[in-house]
Amino acid sequence: MPRYLPKSIVCFREGYTLRGVLADVLAGLTVGVIALPLAMAFGIASIPESVATEAGLSPPAMGLYTAVVAGFLISALGGSRVQIGGPTGAFIVIVYGVATQFGYAGLATATLMAGILIILMGVFRFGALIKFIPYPVTTGFTSGIALIIFSSQVKEFLGLTMKAVPPDFVGQWRAYAAHLTSWNPTTAIIGGGSLLLLIVLRRIAPRVPGAIVAVVVAALAVRLLHLDVATIYKQFGEIPRTLPTPHLPQLSLDKIRELLPSAFTIAMLASIESLLSAVVADGMTGFRHKTDCELVAQGVANIGSVLFGGIPATGAIARTAANVKSGARTPLAGMVHALTLLLCMVFLAPLAGHIPLAALAAILMMVAWNMSELDHFRSLLKAPRGDVAVLLTTFGLTVFADLTIAVGVGTVLAAMLFIRRMAEVSNISAVRHELENGVDDLGELKDPNSVSVRDIPPGVEVYEINGPFFFGIADRLQDTLRGLERPPRVFILRMRRVPAMDATGLHALEEFYEKCRRQGTTLLLSGVHAQPLNVLIQHSLYEAIGFENLSGNIDDALNRARQLLGLPTIDRPDSALAEVARERKSDIATSAE
């Protein structure tokens, strides 16, 4: 199926040139080198050492396994030409929490389930729905994750002598305060120097891979000066030079039920970040990714990652951008990036063991700063109060509670805010006396279809719905007849500004029609658009109201009212404009028959 055809095959069919292949290979090598320290840092930050040891693995190696396996699969099977996949900072919080509570077997099971969920999202075309997650929600949890990442690295950055860092934010800073006197000045200098070097390189030489320069300089300083600081080798032992044998985690029904919320969070986070990364890549290259194909690839990549002892993976925005800036134009670059990491494991593992943990902590602190989107966070604080509430709620729950709760509550609050705003802009109002009570709406005066320039016969009331007719305003229609002193003989409901109607709006309209019928009032609908008209046709209400009582414009509706009242009809003004084409209504009615 074209929808799920990977971009790697699409590019292969388009054909490669020698120049294009060389550009992709060079870009892949560059990004592979950039990804090397990041993959190890994400592995160390995501998996507690005790959990990895119990599983017979090491945290830095698990990050590398993920970057190699998932990175290759995402590029080979994905719907983006230049997407780079692997472990990312966004996963650190949720992965650390799941691994601490359920061990690596539980994390692997949750990731396996998440991979299946992501595949199903792609198969059922949920990719477009994920894009509707409100911006204050994504900014809130992204900034919250950034703060937690920064907080979790203080121990390694300062060389504090303490046990494992508590998983909760408040507990971390209590532990830091209790052990602050145990800080290691040498470690702090290495960490601070690495962070300073990253900041300087970012300002004066943004194209230089700062992470590589920082870890190389830090490792050389430790080795040449014989500094007593924690390194990858001292902390975790040697990094394996090969991938482990693939194997499935032990599955049980009880464990699956227990891990389902974590799996859902991993799936949502992987989907959101991968699609955001793909959109960024599209903006940089001018190409367009396949959303559903990308989700299927992300799901397969996460399954493949845990089969080889890895952790959850997704599209990495920073590495994808670096890939594009390095000249990549096809998925070949992403596959070369994964193979480069594999070669680094085979030939450079002993050298990587000399990297100080403080340098990796500095890299993660820089990642946290980049993730924080501080400028966007500040700008959102100037947004309407409802959006600010969603932002701060999501941020606060991410930091002090749980990411799953934060995303769920933030999305629900944003949805409620949207409903409230739609209800505020949608209304049902009388339009018979539009110019009374000091109304000075020049737009209404210039409207060629305004009721104010029409002759409304006695016994006729005209009301208009402005905006979508949905459950947020449906109750207002129920109160309309009650507000009238006596029921009119004809009630015209103008719907020219109603683009859509939901089931609740339809139900409210049906009850309103029944109320009109019981009171001896004839209900006329005017200017009904295509979607509401289709809803009426599919429902018995269309036949109940009657085709003759649906008019394409207000003039036809008024003449229909005159017929019902036994009055002569009036020609339509020359200045009037068509609201809804009669032909459209006739075509739809014919098709319904």
| message | Please count how many residues of region 86-120 are under 30 Å from V336 (Cβ atoms) and hydrophobic (A, V, I, L, M, F, W, C). | response | 13
| Where in region 2-95 are there helices (runs of 4 or more DSSP H), lying fully within it, with 3 or more residues that are surrounded by 24 or more Cβ atoms within 10 Å (Cβ to Cβ)? | 18-46, 59-77
| message | Cβ-Cβ under 7 Å, sequence separation 6+ or interchain: first residue in region 370-381 and over 12 Å from L147 (Cβ atoms), partner part of a helix (DSSP H, G or I). Which pairs? | response | N370/A318; H376/T139; L380/P136; L380/T139; L380/D387; L380/V388; L380/L391; L381/V388
| query | Only one of (1) out of contact with any His (no Cβ under 7 Å at 6 or more places or on another chain); (2) closer than 30 Å to M416 by Cβ is not met by L550, so which one is it? | reply | (2)
| Out of R385, R420, R329, which single residue is buried (at least 17 other Cβ atoms within 10 Å of the Cβ) and of a type in the set (K, R)? | R329
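When you look at A362, is it in contact with a Phe, Trp or Tyr (Cβ under 8 Å, 6 or more places away or on another chain) and either closer than 30 Å to L158 by Cβ or small (G, A, S) (or both), yes or no?
yes
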| message | Given the options I311, I317, name the one that is surrounded by fewer than 24 Cβ atoms within 10 Å (Cβ to Cβ) and β-branched (V, I, T). | response | I317
| What do you reckon, is V215 modelled with pLDDT under 95 and not in a helix (DSSP H, G or I)? | no
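Would you be able to say whether some residue in region 16-27 is small (G, A, S), more than 18 Å from A322 (Cα to Cα) and either in the same structural domain as G210 (by TED's automatic domain parsing) or touching a strand residue (DSSP E or B) at 6+ places or on another chain (Cβ under 8 Å) (or both)?
No, that holds for no residue.
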| request: Give region 45-79 a look and list any residue that's under 10 Å from F236 (Cα atoms) and free of Cβ contacts under 8 Å to residues at least 24 places away in the same chain, or say none. | output: T53
| said: Considering only residues that are more than 13 Å from S75 (Cα to Cα) and not in a helix (DSSP H, G or I), which ones fall in region 299-336? | reply: F308, G309, G310, I311, P312, S326, G327
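Quick check, is G32 in the same structural domain as G106 (by TED's automatic domain parsing) and modelled with pLDDT of 95 or more? Please lay out each step first, then the result.
Numbers: in the same structural domain as G106 (by TED's automatic domain parsing): yes; modelled with pLDDT of 95 or more: no.
No; evaluated as a whole, the condition is false for this residue.
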| Within region 270-289, is there a residue that is assigned to a helix (DSSP H, G or I), without any contact (Cβ under 8 Å) to a residue 24 or more places away in the chain and surrounded by fewer than 15 Cβ atoms within 10 Å (Cβ to Cβ)? | yes
| message | Being of a type in the set (G, A, S) and within 24 Å of A108 (Cβ to Cβ) narrows it down to one residue among G299, G327; which is it? | response | G299
| field | A362 being in a helix (DSSP H, G or I) and either surrounded by 24 or more Cβ atoms within 10 Å (Cβ to Cβ) or without any contact (Cβ under 8 Å) to a residue 24 or more places away in the chain (or both) | value | yes
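Name every residue in region 218-243 that is among the β-branched types (V, I, T), over 37 Å from the mean Cα position of the chain (by Cα) and in a helix (DSSP H, G or I), in order of residue number.
First, the residues of region 218-243 that are among the β-branched types (V, I, T): 222, 229, 231-232, 239, 242.
Filter once more, so that each one left must be over 37 Å from the mean Cα position of the chain (by Cα): 222, 229.
Hit for region 218-243 is V222, nothing else.
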| Tell me, which helices (runs of 4 or more DSSP H) lie completely within region 123-178 with 2 or more residues that are more than 17 Å from the chain's Cα centre (by Cα), within 27 Å of L381 (Cα to Cα) and touching a residue at least 24 places away in the same chain (Cβ under 8 Å)? | 135-152
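The values are calculated or read from the model by the stated rules, or taken from the named source; none is laboratory data. Note that the structure is a prediction, hence the values are computed from the model and not measured. Reconstructed Cβ throughout: ideal geometry from the backbone, glycine too, with neighbour counts over all protein chains shown.
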